[in-house]
Amino acid sequence: MQGEVNTVDETRKSRFLPLRSSILGSPWFLGTAALIIASDLLSKAWAWSFVPEHGSFLKVVPTEPVRQVYPVVDGFFYIARAENPGTVWGLFQEFTAGLTILRVGMVVFLLVFAAMLSRTHKLALVGLAFVLGGALGNLYDNLFASEGVRIAGAVRDFLDFYLPLPWLDQPYHYPTFNIADASILVGALFLFLGLGEKKKEGEEKG
């Protein structure tokens, strides 16, 4: 009997929730994801038109070539134009097409996952919205060529930081990123905390 009850419970958990109850149907979820996408695409378009007009050709650290950048906080924060055909930290740059397919799969997974979670899980809702918005922002760059981009399928990055680390002789150049990248990182943290919160609640009920 106990086994039958567990089977029923597992079946219920595996079903999609009604839109009125799931994260996928939440206006906050959809609105937040849309806001992330808009912020990412608009900021990329702005940066890529701003730098050629207002940027200066500088060598921020001796070991790097001269680049056209706009100094916001000289020696620390710059607006730049960088193309990333790979993933975070510039990895897998030879597999742009495969990464694009992977990002499409990630978007589908996130939508399915959102349809299976209750919108009462606030942290998970925020986390999923941030990750989805970031994934779609970068996926847009993969699928649609933008003016000034030379590498097909590359993602546009523009936030450029040099971090003064005490154990290095010169500032560490953190890989150039964009709003979508930051949103995915923040969203993953919220999602991790949200799912942990859900698991804790389940254990307490048990």
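The values are calculated or read from the model by the stated rules, or taken from the named source; none is laboratory data. Just so it is clear, the model here is predicted, and its values are computed rather than measured. Methodologically, a virtual Cβ is constructed for each residue, glycine included, from the backbone with ideal geometry; neighbour enumeration extends over all protein chains shown. Just the protein is used for accessible areas: all its heavy atoms, side chains included, with ligands, DNA and RNA removed. Shrake-Rupley method; radii C 1.70, N 1.55, O 1.52, S 1.80 Å.
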- [ ] Scan (1) modelled with pLDDT of 95 or more; (2) of a type in the set (A, V, I, L, M); (3) closer than 23 Å to Val51 by Cβ for the single condition Ala154 breaks and write down its number.
- [x] (1)
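Residues are listed down the side, and each one gets a yes or a no for (1) farther than 27 Å from Leu19 by Cβ; (2) modelled with pLDDT of 95 or more:
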site: Val104; (1), (2): no, no
site: Arg119; (1), (2): no, no
site: Val126; (1), (2): no, yes
site: Glu147; (1), (2): yes, no
site: Phe158; (1), (2): yes, yes
Open item on the list: Among the numbered criteria (1) in a helix (DSSP H, G or I); (2) more than 30 Å from Arg20 (Cβ to Cβ); (3) open to solvent by 70 Å² or more (accessible area, probe 1.4 Å), which one does Asp181 miss?
Closed with: (3)
Task: Looking only at region 74-86, and only at residues there that are surrounded by 12 or more Cβ atoms within 10 Å (Cβ to Cβ) and over 15 Å from Phe158 (Cβ atoms), the one that is modelled with the highest pLDDT - done: Phe76
TODO: Answer with yes or no whether Trp89 is open to solvent by 60 Å² or more (accessible area, probe 1.4 Å) and either modelled with pLDDT of 95 or more or assigned to a helix (DSSP H, G or I) (or both).
DONE: yes
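Okay, residues lined up against (1) assigned to a helix (DSSP H, G or I); (2) at positive phi; (3) surrounded by 14 or more Cβ atoms within 10 Å (Cβ to Cβ):
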position	(1), (2), (3)
Leu30	yes, no, yes
Ala33	yes, no, yes
Pro52	yes, no, no
Glu64	no, no, no
Val72	no, no, no
Ile101	yes, no, no
Met106	yes, no, yes
Leu123	yes, no, yes
Phe130	yes, no, yes
- [ ] Give the residues of region 132-152 that are more than 19 Å from Ile184 (Cα to Cα) and either open to solvent by less than 20 Å² (accessible area, probe 1.4 Å) or touching an Asp or Glu at 6+ places or on another chain (Cβ under 7 Å) (or both), sorted by residue number.
- [x] Val149, Arg150, Ile151
